[in-house]
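*Asks:* Pasting a structure below so you can have a look.
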Amino acid sequence: MEKYAQLIAVLLEHSQRFIDFWNLQLVVALGVLGFSLANQQVVSKTHVRVLISAVFIAIAAFSVFSLSSHQERAEKLWTALEARIAAAPAEFIPQEVAYIDSLEPTPFPIKAGALVAADVLVVLVIWFSPKMKE
């Protein structure tokens, strides 16, 4: 399995991209939510809401597009690893096969859905958050 260590490392790097995009989504979303809740008079204006919504739509589009390219590469690499195991099963002990099986990429719709859902949630909060009376 040592000769496959570099392939496994690359596969893990591709998987890490989702975490990177998710962390970016969380930081931006929490920042916008904090801003909107602290400055409700500013965010209550329609053009500010439209601007925030447009930014989140752009972030979602960029994240899903970028994630799709990493997902495609991860799935191809996963297929190559599976083919290597199938071609030479004697080179792997059962625990190594189990570990490699655990590296199978999460399906793209689940990853993309999580990113888009986070953006939709923020946009909904921006548009429908209850306004405090002063």
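*Asks:* List the pairs whose first member sits in region 38-61 and is more than 13 Å from residue 116 (Cα to Cα), whose second member is outside any loop (DSSP other than H, G, I, E, B) and among the small types (Gly, Ala, Ser), and whose Cβ atoms are under 8 Å apart, counting only residues at least 6 apart or on separate chains?
*Replies:* Pairs that qualify, where the first residue is more than 13 Å from residue 116 (Cα to Cα) and the partner is outside any loop (DSSP other than H, G, I, E, B) and among the small types (Gly, Ala, Ser), are 43/36; 52/36.
*Asks:* May I pose another question? With the requirement that a residue be farther than 19 Å from residue 22 by Cβ and either open to solvent by 70 Å² or more (accessible area, probe 1.4 Å) or not polar (S, T, N, Q) (or both), what does region 46-74 give you? Break it down stepwise before answering.
*Replies:* Our first condition is that a residue be farther than 19 Å from residue 22 by Cβ; within region 46-74, this holds for 46-54.
Passing the criteria: 46, 47, 48, 49, 50, 51, 52, 54.
*Asks:* Here's another thing I want to ask about it. Can you pull out every residue in region 34-45 that is among the hydrophobic types (A, V, I, L, M, F, W, C) and open to solvent by less than 40 Å² (accessible area, probe 1.4 Å)? Spell out the reasoning first.
*Replies:* In the first step, residues of region 34-45 are kept if they are among the hydrophobic types (A, V, I, L, M, F, W, C); the result is 35, 37-38, 42-43.
The answer is 43, and nothing else.
*Asks:* For residue 93, are the conditions met, namely being open to solvent by 80 Å² or more (accessible area, probe 1.4 Å) and either closer than 22 Å to residue 7 by Cα or in contact with a Ser or Thr (Cβ under 8 Å, 6 or more places away or on another chain) (or both)?
*Replies:* yes
The values are calculated or read from the model by the stated rules, or taken from the named source; none is laboratory data. Keep in mind it's a predicted model, so treat the numbers as computed, not measured. Cβ sites come from the backbone with ideal geometry, for glycine too, and all protein chains shown count toward neighbours. In case anyone asks, the SASA skips ligands and DNA or RNA and just uses the protein heavy atoms, side chains included. Shrake-Rupley method; radii C 1.70, N 1.55, O 1.52, S 1.80 Å.
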